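The values are calculated or read from the model by the stated rules, or taken from the named source; none is laboratory data. Since the structure is predicted, the reported quantities are computational estimates derived from the model, not experimental observations. Cβ placement follows ideal geometry from the backbone for every residue including glycine, while neighbour counts extend to all protein chains displayed.
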Amino acid sequence: MASMSLRKANTRLPPEVNRVLYVRNLPFNISSEEMYDIFGKYGAIRQIRIGASKETRGTAFVVYEDIYDAKTAVDHLSGFNVANRYLIVLYYQATKMGKKTDTKKKEEELQRLQEKYGVGAGASSADK
């Protein structure tokens, strides 16, 4: 076991490696127990959150206690077949996940301001 911890200490992980994994292409009816059976083989799990809404079905977040366990899970479970579906296992990246909602919020705010001040795509230069 001592050689294992030495190897871990000397291993430099890429910056995207994270304890939180984002899993896509899951069967819609997968249970928490099945998720723990699949992902628990690679290390201690702190939390699993399975998407329940229409937009998040087929996705889950898996949080490992140890970053090296998360890396091992990504290495082994990407492309793993569960109920004839091949899993897509990625490291969670808050910046990428947040961009979709940020863009939508910014577009709504911009449209609101354009309407408030009477400018934007709807107003032509002849109107001024």
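Please specify each residue of region 20-36 satisfying the condition of being among the aromatic types (Phe, Trp, Tyr) and more than 11 Å from Ile48 (Cβ to Cβ).
Of everything in region 20-36, those that are among the aromatic types (Phe, Trp, Tyr) and more than 11 Å from Ile48 (Cβ to Cβ) turn out to be Tyr22, Phe28.
Just to be sure, is Asp69 assigned to a helix (DSSP H, G or I), of a type outside the set (S, T, N, Q) and modelled with pLDDT under 95?
Spelling it out, it is not the case that Asp69 is assigned to a helix (DSSP H, G or I), of a type outside the set (S, T, N, Q) and modelled with pLDDT under 95.
Go through region 24-62 and count every residue that is in a loop (DSSP other than H, G, I, E, B), among the charged types (D, E, K, R) and surrounded by 13 or more Cβ atoms within 10 Å (Cβ to Cβ).
The qualifying residues number 1.
Report, by residue number, each residue of region 31-60 that is among the hydrophobic types (A, V, I, L, M, F, W, C) and at pLDDT below 95.
Passing the criteria: only Ala52.
Looking at region 76-101, which of the residues that are at pLDDT 95 or above and in a helix (DSSP H, G or I) is farthest from Phe39 (Cα to Cα)?
Here the answer is His76.
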